[in-house]
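*Asks:* Got a structure for you, written out below as C-alpha cells; questions coming shortly.
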Amino acid sequence: MNFDDFYNEFIENKHDELEKIRFDANRKYKANMLAFKYSTISVIALSVLTLIYSDFTAVLFLVVMPFYFIGTAIGVVSRLKKHIKFRYKKEIILPMLNYLYEDVKYKSYQKISVNLIRKSLLLKKYVHTHKGDDYIKCRIGNAIIQFSEIEACGTRSDIGFFNGVFIAASFNKYFKSKTIVYDKRDYTNFKKSLLNLSGDTNEAEIIKLEDSVFNKKFKVIGENQIESRYILSTSFMQRLLDYNNKMKKNVSFSFVDNKFFIVMPNAKNMLEPTILKSIYDKEYIELYYNYLLSITDLVHNLDLNTRIWTKE
Amino acid sequence: MSVGLGIFVAIVSIIFIVLFLMAIIGVFIRNSLVRKRNEVENTYAGISVQLKKRYDLIPNLVSVVQKYAQHEKSILEEITKLRSQALDKNIDNNNKVDLDNKISKAMGNVLMTVENYPILKASDSFIALQRSLNEIEAQLSASRRYFNTAVTEYNNAIQVAPNNFIADIMHLTAKNVFEISETEKQNIDVKKLLNS
C-alpha cells in the first residue's frame, strides 16, 4: 500500500466541479476577510477622529461593517462545507477507505456507540453523552475494526473532556476478565479504587509486569493476574510499546468482553474538506491517508491478525 | 507519690508502650509474610492447573499421531509413561518440575516427528490439537510469570529488615523462581512448527 499509487489512481485526474465550487467559495471568503480587515482599520481610524471631534454617528453606522464582513466570510465557509462535505467524503475518503481496508462500512455523520466507550473504561470520567462523526467499520485481514472521532462529555453534557479517536477491535484471544492499560500520565491512584467502587471492575488489582520499560510508560489494572499476563504476553507488551512510541501520543488500551479498545487524543477534526487548499491537495490528502494507515499499522504491529490461538 | 516512683512508672509505661507497638508491628509483618507465602502457593496451584490441562492433551496427541505414524511407537510410549508418572499424587514439587521438563521435551519430539508425516500435519484433528496446545502453552507461560512475580515479592519480603527476623522465627526460606529450561525453549516452539 502506497500513498502515491493511491493518489495517482484515484485522485490525480479529478479536476471537476467540486474543486470549482471550493475555488469560488475560497475567493468569496478571501474577499470578505479582506473587507473585514480594512473595515476594522477604518472603524478604528474613524473612532479616533470622532473622539477628537465628539461626533459618534458615523462610528455607530460603520461599526456594523466588520461584523457584516466576518459574518459573510464564516457563512461562505459553512455553506461550502455543508455543500461539499458529503461529496468530499464520498469521492475522496470512501475510495481511500476501500483502498486500505476490506468490507468497509462508512457513516460520515455517525459515531461509535457510547456503550462501547463506557465499556472500555478508558476515559477518566463517566461519559454521559458524546459527539463525533466519521464512523468506520472494516476488516483488516482477520481483525474487525470500528472507530470514529469522538468528543466525550461528562454530566454537564456540553463540556467535552476528551477529544480524539476511539477504536474497538476484535482480539485474537478469548478472555473473561477485564484488563486496562493506562498511559501513566492519564492515571491517578484514585482510579483503581473508583473502578472497584463503581462496580465497573470486580476487585481489580494493579498488575506488576516484568518489563520495566513497559511499567514506566503504562499502569495496568486487571481483574485476574494470570489472564492479564495471558493477554499481555512479553511480545505483545513490546508491540504495544512500539505502537505507542510510533504514535507519539498518550495512547491507552483496554481488553473487555473479548474486545480490544484503544483511545488516542487528537485535537484536529480529521477527514474534513478544507476551503483554503485545493480539494485534491496531495499533502492534505496524505495527512488523512496516514491517519487511516495508522489503523492498519495497529492491526499489523500488534499482530491482531494472527489466529494461531483459540480464535478461528 | 514520690518523684522516684513517678519516674519508675513513666519508664515502665514507656517500655510497655514500646513492647506493645513492637508486638503490633510484628503481627502486621507476620500477616503480610503469610499472605505472600500463600500467594506463592496459590500461583503454583495455577501452574499445576495448566500442567494438568497439558497432561490431559497427551492421550489425544498420542491417539492422533498413532493413527498416521505407527512406526513412532517408542516416542509415544515414552510420553505416555511420563504422563502417568506426572499424575502420581505423591510426587514432590522438584520432581514435578523435572518431569514437566521431560514431558516438554517428549512433546517436542512428537511434534518434530509429525513434520515427517504431511497428511497428519494437515489433518483437522491434529491442527485442532496444536491449537489447544498453543493455548495451554500461552496460559502456562502467564501462570509462570505470575508465579515468578509472587516469588520475587515473597523473597524480597523475607530478606529485608526487620521482616527477616520474623521470617526466621517462622522458618521461611527463599523460593526459586521458575526458569524455563533450555530443552523447553528449544522443543516446545509450536508456533515455529506451525509456520514451518
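The values are calculated or read from the model by the stated rules, or taken from the named source; none is laboratory data. Here the structure is a predicted model, which is why all the values come from computation and not from measurement. Cβ coordinates were reconstructed from backbone atoms using ideal geometry, including for glycine residues, and neighbour counts include every protein chain displayed.
*Asks:* Could we say that residue B:15 is in contact (Cβ under 8 Å) with a residue 24 or more places away in the chain and exposed (fewer than 13 other Cβ atoms within 10 Å of the Cβ) here?
*Replies:* no
*Asks:* Which one of the conditions (1) under 19 Å from the mean Cα position of the chain (by Cα); (2) away from chain A (no Cβ under 14 Å) does residue B:28 fail to meet, given that it meets all the rest?
*Replies:* (1)
*Asks:* If you don't mind, another one. Residues of the range A:146-185 being within 14 Å of another protein chain (Cβ to nearest Cβ), without any contact (Cβ under 8 Å) to a residue 60 or more places away in the chain and buried (at least 18 other Cβ atoms within 10 Å of the Cβ), which ones?
*Replies:* Answer for the range A:146-185, where residues must be within 14 Å of another protein chain (Cβ to nearest Cβ), without any contact (Cβ under 8 Å) to a residue 60 or more places away in the chain and buried (at least 18 other Cβ atoms within 10 Å of the Cβ): just A:177.
*Asks:* Sticking with this one: Among the residues of the range B:73-82, is any surrounded by 13 or more Cβ atoms within 10 Å (Cβ to Cβ), touching a helix residue (DSSP H, G or I) at 6+ places or on another chain (Cβ under 9 Å), among the basic types (Lys, Arg) and part of a helix (DSSP H, G or I)?
*Replies:* There is no residue in the range B:73-82 that is surrounded by 13 or more Cβ atoms within 10 Å (Cβ to Cβ), touching a helix residue (DSSP H, G or I) at 6+ places or on another chain (Cβ under 9 Å), among the basic types (Lys, Arg) and part of a helix (DSSP H, G or I).
*Asks:* Does residue A:218 meet the test of being within 24 Å of the chain's Cα centre (by Cα), within 14 Å of another protein chain (Cβ to nearest Cβ) and surrounded by 13 or more Cβ atoms within 10 Å (Cβ to Cβ)? Reasoning before the result, please.
*Replies:* Details: within 24 Å of the chain's Cα centre (by Cα): yes; within 14 Å of another protein chain (Cβ to nearest Cβ): no; surrounded by 13 or more Cβ atoms within 10 Å (Cβ to Cβ): yes.
Here the answer is no, as residue A:218 does not meet what is asked.
*Asks:* Please determine, by comparing only the residues of the range A:186-207 that are small (Gly, Ala, Ser) and outside any helix (DSSP H, G or I), which one is surrounded by the fewest Cβ atoms within 10 Å (Cβ to Cβ). I'd like the intermediate steps shown before the answer.
*Replies:* Just the residues of the range A:186-207 that are small (Gly, Ala, Ser), to begin with: A:193, A:198-199, A:204.
Those left that are additionally outside any helix (DSSP H, G or I): A:198-199, A:204.
On the way: A:198: 10, A:199: 7, A:204: 23.
In this case the residue turns out to be A:199.
*Asks:* For residue A:119, state whether it is part of a helix (DSSP H, G or I) and closer than 30 Å to residue A:24 by Cα.
*Replies:* It is false that residue A:119 is part of a helix (DSSP H, G or I) and closer than 30 Å to residue A:24 by Cα.
*Asks:* Which of (1) out of contact with any Phe, Trp or Tyr (no Cβ under 6 Å at 6 or more places or on another chain); (2) at pLDDT 75 or above; (3) in a helix (DSSP H, G or I) is the odd one out, the single condition residue A:106 does not satisfy?
*Replies:* (3)
*Asks:* Go through the residues of the range B:126-147 one by one and say whether even a single one is within 30 Å of residue B:22 (Cβ to Cβ), within 14 Å of chain A (Cβ to nearest Cβ) and assigned to a helix (DSSP H, G or I).
*Replies:* no
*Asks:* Test of understanding: among A:279, A:231, which residue is among the β-branched types (Val, Ile, Thr), in contact with a helix residue (DSSP H, G or I) (Cβ under 6 Å, 6 or more places away or on another chain) and in the same structural domain as residue A:132 (by TED's automatic domain parsing)?
*Replies:* When all the criteria are applied, what remains is A:279.
*Asks:* List pairs: first in the range A:245-264 and closer than 10 Å to residue A:182 by Cβ, second of a type in the set (Val, Ile, Thr) and modelled with pLDDT under 95, Cβ under 6 Å, 6+ apart or cross-chain?
*Replies:* Hits for this filter: A:252/A:263; A:253/A:181; A:253/A:262; A:254/A:180.
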